[in-house]
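Participant: I am attaching a structure below and will ask some questions about it afterwards.
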Amino acid sequence: MRVADEDPREGDGSFDATARIVDAGGTDDDGTVEAALRPRRLSEFPGQPKVRDQLGLVLEAARRRGSPPDHVLLSGPPGLGKTTLAMIVAAELEQPIRVTSGPAIQHAGDLASVLSSLVEGEVLFLDEIHRMSRPAEEMLYLAMEDFRVDVIVGKGPGATAIPLELPPFTVVGATTRAGLLPAPLRDRFGFTGHLDFYEVADLERILQRSARLLSVPADADALAEIALRSRGTPRVANRLLRRVRDWAQVHGSGHVDLTAAQSALSLFDVDEVGLDRLDRAVLEAMCRRFGGGPVGLSTLAVAVGEETDTVETVAEPYLVRQGYIVRSPRGRLATPMAWQHLGLTPPPGAQPPLQLPEASDGGRFG
């Protein structure tokens, strides 16, 4: 896998979106292609106008001061561009980026090893930051605020704390569960941006760019159909584009038209409103097995054969946003829209309240 131009940036530092992704073997690895499709600069980042403008202001002010910007926290459902924005922060600052994740840092020593190797101005990207261990979190507090860590030498009464000074750096944290971040850690981020699901028009622009980079000939109405079924998520949109391309190459002429898009999406169990197998399984369980609810999260997860985290972070956010289910202190409830989508008649009294209070633990009932 390679990009046609070794350095696709113009003299002014902008990325040339017309550069093509070329695969010498005629096939592509999804992870490699997904990374190659990421925008390289903030000006190319589609959608999320408020977060983009706010982050642009923070970065430009830091550049003018000649100092690292405040630490950045990005939250939102998976696939909306948190990792892409972290890469863009480093590119805009023209600084290297160190990438790790919360699950990989289970001991304070793991974090101390990463922090001690940072250079001045470097960007440290911590994905799924809410899954760090508590000792590592406490070490990160001091590092973010005072740019130093205390290394403990020895054990017991003879243990000694040796302060280790760190060069100024910027932490970019990403989380799908902002509510699980402890307040002391959350308060140390100078900028917090929440990424929301994308509008269909923004997804169409993303797909147009991706089709150019992948050298996929595609009609506008086909890309609009894919965008409509992409659950408001760029990662899903790019994945569906590649599957529609595969269908067009095997069963069609290689040109992605509306018929190819509809046929491919039907084959991959993506319906007219973007619900996939897991989404429909959740709705089927709620309506057919539990009479519309309320039903607890763990019970629902067992019913569909998935982990609770999968149901809560993958399926539920989109279903709630689209109005198919609601969360209440008693559990999940199916709305009349969910019954109608399955071709079922809602039972009397199925209409839930318009607004239901969220649980303090993020809606994790049952």
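The values are calculated or read from the model by the stated rules, or taken from the named source; none is laboratory data. Quantities reported herein were computed from a predicted structural model and do not represent experimental measurements. Every residue, glycine among them, receives a Cβ derived from its backbone with ideal geometry; neighbour counts consider all protein chains shown.
Participant: Any residue at all in the stretch 120-134 that's modelled with pLDDT under 80 and crowded, with 19+ Cβ neighbours inside 10 Å?
Facilitator: Step one: of the stretch 120-134, the residues modelled with pLDDT under 80 are none.
Looking for residues that are modelled with pLDDT under 80 and crowded, with 19+ Cβ neighbours inside 10 Å, one finds none in the stretch 120-134, hence no.
Participant: Something else: Which ones in the stretch 263-277 are buried (at least 18 other Cβ atoms within 10 Å of the Cβ) and without any contact (Cβ under 8 Å) to a residue 60 or more places away in the chain?
Facilitator: First pass over the stretch 263-277, keeping only residues buried (at least 18 other Cβ atoms within 10 Å of the Cβ): 264-265, 270, 274-276.
Listed by number, the residues that qualify are ALA264, LEU265, VAL270, GLY274, ASP276.
Participant: Mind checking which helices (runs of 4 or more DSSP H) fall wholly inside the stretch 242-330 and carry at least 2 residues that are more than 20 Å from the chain's Cα centre (by Cα) and farther than 30 Å from SER215 by Cα?
Facilitator: Once the helices (runs of 4 or more DSSP H) in the stretch 242-330 are filtered for at least 2 residues that are more than 20 Å from the chain's Cα centre (by Cα) and farther than 30 Å from SER215 by Cα, what remains is 277-284, 297-304.
Participant: Another question about this same structure. Residues of the stretch 116-138 being touching a Phe, Trp or Tyr at 6+ places or on another chain (Cβ under 9 Å), within 20 Å of LEU74 (Cα to Cα) and either in a helix (DSSP H, G or I) or of a type in the set (Asp, Glu) (or both), which ones? Full working, then the answer.
Facilitator: Residues of the stretch 116-138 that are touching a Phe, Trp or Tyr at 6+ places or on another chain (Cβ under 9 Å), as a first pass: 118-124.
Now narrow it down to the ones that are within 20 Å of LEU74 (Cα to Cα): 121-124.
GLU122 - this is the single residue of the stretch 116-138 that is touching a Phe, Trp or Tyr at 6+ places or on another chain (Cβ under 9 Å), within 20 Å of LEU74 (Cα to Cα) and either in a helix (DSSP H, G or I) or of a type in the set (Asp, Glu) (or both).
Participant: Is it true that some residue in the stretch 239-251 is within 23 Å of VAL200 (Cα to Cα), in contact with a Gly (Cβ under 8 Å, 6 or more places away or on another chain), of a type in the set (A, V, I, L, M, F, W, C) and free of Cβ contacts under 8 Å to residues at least 40 places away in the same chain?
Facilitator: Scanning the stretch 239-251 turns up at least one residue that is within 23 Å of VAL200 (Cα to Cα), in contact with a Gly (Cβ under 8 Å, 6 or more places away or on another chain), of a type in the set (A, V, I, L, M, F, W, C) and free of Cβ contacts under 8 Å to residues at least 40 places away in the same chain.
Participant: Inspect the stretch 145-168 for any residue being at pLDDT 85 or above and either touching a helix residue (DSSP H, G or I) at 6+ places or on another chain (Cβ under 6 Å) or under 30 Å from GLY232 (Cα atoms) (or both) and give the result as yes or no.
Facilitator: Taking every residue of the stretch 145-168 in turn, none turns out to be at pLDDT 85 or above and either touching a helix residue (DSSP H, G or I) at 6+ places or on another chain (Cβ under 6 Å) or under 30 Å from GLY232 (Cα atoms) (or both).
Participant: Still on this model: Return yes or no: is ALA218 modelled with pLDDT of 80 or more, assigned by TED's automatic domain parsing to the domain that holds GLN249, surrounded by 19 or more Cβ atoms within 10 Å (Cβ to Cβ) and over 21 Å from THR84 (Cβ atoms)?
Facilitator: Numbers: modelled with pLDDT of 80 or more: yes; assigned by TED's automatic domain parsing to the domain that holds GLN249: yes; surrounded by 19 or more Cβ atoms within 10 Å (Cβ to Cβ): yes; over 21 Å from THR84 (Cβ atoms): yes.
In short, yes.
Participant: Evaluate the stretch 190-204: report whether one residue or more is among the hydroxyl-bearing types (Ser, Thr, Tyr) and part of a strand (DSSP E or B).
Facilitator: So in the stretch 190-204, the residues among the hydroxyl-bearing types (Ser, Thr, Tyr) come out as 192, 198.
Remaining after also requiring part of a strand (DSSP E or B): 192.
The answer is yes, given that some residue of the stretch 190-204 is among the hydroxyl-bearing types (Ser, Thr, Tyr) and part of a strand (DSSP E or B).
Participant: From the set of residues in the stretch 68-104 that are assigned to a helix (DSSP H, G or I) and of a type in the set (D, E, K, R), which is farthest from ALA227 (Cα to Cα)?
Facilitator: The initial filter retains those residues of the stretch 68-104 that are assigned to a helix (DSSP H, G or I), namely 82-93, 102-104.
Those left that are additionally of a type in the set (D, E, K, R): 82, 92.
Values: LYS82: 20, GLU92: 28 Å.
Result: GLU92.
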